[in-house]
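What follows is a single structure, written as structure tokens, with notes after it.
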Amino acid sequence: MAEIGNGYGSECHLLRYLGRHRKALNAAVSAAAGADSVSWLDFPFDPAATWKDSEWKGLEFLQPDSPAREAWRRAWPQRGNPPNWDAVARASFGSGDEWLLVEAKAHAGELRSSCGAKEGPARSRIQEALEATKGRLDVPQERDWMNGYYQFCNRLAVLNVLQGAGVAARLLFIYFTGDAFPGNRVDCPGSEAEWQPALESQARHVGLPEGHPVADRIHKLFLPVCPIEDES
């Protein structure tokens, strides 16, 4: 877990919503995902962390004997830094409950990332997992998922493993609007429209085709840091 900003940053604002505005958050998340209701998992404790908490990593939120966890161990290196989730929930739909894995952003620069694994077996396994995901989603193999927007792409790989193991899951990307970092040193979009150039750049790089196999399992939510309440 990264160091949480004091009044700024995606982790700070997501924790604010989870702790102080849960009703508003649940309504917005349910609308974005088309869910009937949402129930959040508590975060794991971490006595070594500043805040004594950590994020859910990889597929640790599943039961230890889940076949999906074994599939994940085969697909992804178990050392190093696996995908970390900003929040994990169970979302209820008419057909049953599904996992909802959340990634939150507050400034456009957070979209950019590249794989930091050194050359060797671990990096090769990551590359293979990403290539398998590209194949399933009809993305040309020449698209570079190791660099540029690696974090978004490895989330797709996690979803692919879950789908392959028969576990119903969805991804939810929360984009906060109206944040302000100290000194305003980063690009914090003030609206959904202001997020679009950065998100369109990501989409062009990743190359997901329209109507790809998990298009209905990837959701976006643009959430204001401080909504303006209707006083009428």
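Points to keep in mind about this one:
- Reported count of residues in the stretch 114-155, each being open to solvent by less than 70 Å² (accessible area, probe 1.4 Å) and not hydroxyl-bearing (Ser, Thr, Tyr), is 25.
- Residues that are in a loop (DSSP other than H, G, I, E, B) and surrounded by 12 or more Cβ atoms within 10 Å (Cβ to Cβ) within the stretch 192-219 comprise 207, 208, 212, 213, 214, listed in sequence order.
- Close pairs from the stretch 133-144: first closer than 18 Å to residue 76 by Cα, partner open to solvent by 80 Å² or more (accessible area, probe 1.4 Å) and among the basic types (Lys, Arg), Cβ under 9 Å, at least 6 apart: 134/143
- The test for being open to solvent by 60 Å² or more (accessible area, probe 1.4 Å) and polar (S, T, N, Q) holds for residue 39.
- Here residue 167 passes the criteria (1) over 20 Å from residue 9 (Cα atoms); (2) surrounded by fewer than 17 Cβ atoms within 10 Å (Cβ to Cβ); (3) not small (Gly, Ala, Ser) except the one numbered (2).
- The set of residues in the stretch 170-191 being surrounded by 13 or more Cβ atoms within 10 Å (Cβ to Cβ) and on the phi > 0 side of the Ramachandran plot consists of 178 alone.
- Flag if residue 91 is open to solvent by less than 60 Å² (accessible area, probe 1.4 Å), farther than 22 Å from residue 202 by Cα, aliphatic (A, V, I, L, M) and assigned to a helix (DSSP H, G or I): no
- Within the span defined as the stretch 220-229, one or more residues are open to solvent by 50 Å² or more (accessible area, probe 1.4 Å) and modelled with pLDDT of 95 or more.
The values are calculated or read from the model by the stated rules, or taken from the named source; none is laboratory data. Because the structure is a prediction, the values reported are computed rather than measured. Virtual Cβ from ideal backbone geometry, glycine too; neighbours counted across all protein chains shown. Heads up: the accessible areas ignore ligands, DNA and RNA and are worked out on the full protein's heavy atoms, side chains in. Shrake-Rupley method; radii C 1.70, N 1.55, O 1.52, S 1.80 Å.
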